[in-house]
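Input: a single structure, listed below in structure tokens.
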């Protein structure tokens, strides 16, 4: 098979992407649990979103909620 030598590279690339996604997911989960305000249900709701829909939930939290929280705190 002509593409056989490239299969190992593809597998390594996919593994690297999976590791990056896991680290990003873990970072957003820790950020949410440690820095999100405990007032109301925001922390619980965002934690559940990140846990139940990992990639999409992490992206939403990072690009939507996190900037709002940072702006509200004034950093």
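For the pair residue 56 and residue 11, a Förster radius of 30 Å applied to the C-beta separation gives a FRET efficiency near 0.75, rounded to the nearest 0.05.
If contacts are Cα pairs under 8 angstrom and at least 6 residues apart, what is the relative contact order of region 4-73 in percent? In percent, rounded to a whole number, it is 26. Checking [x] 14.0; [y] 12.5; [z] 13.2 against the coordinates, the calculated Kirkwood radius over Cα pairs in Å falls under label [x].
In degrees between 0 and 90, to the nearest 10, how far off the longest principal axis of the chain does helix 42-52 point, with axes built from Cα atoms? With rounding to tens, the tilt is 20 degrees.
Each value in this text was obtained by applying a stated rule to the coordinates, not by laboratory testing. Being a predicted model, the structure only gives us computed values, none of them experimental. In this analysis, Cβ positions are derived from the backbone assuming ideal geometry, glycine residues included, and neighbour counts consider all displayed protein chains.
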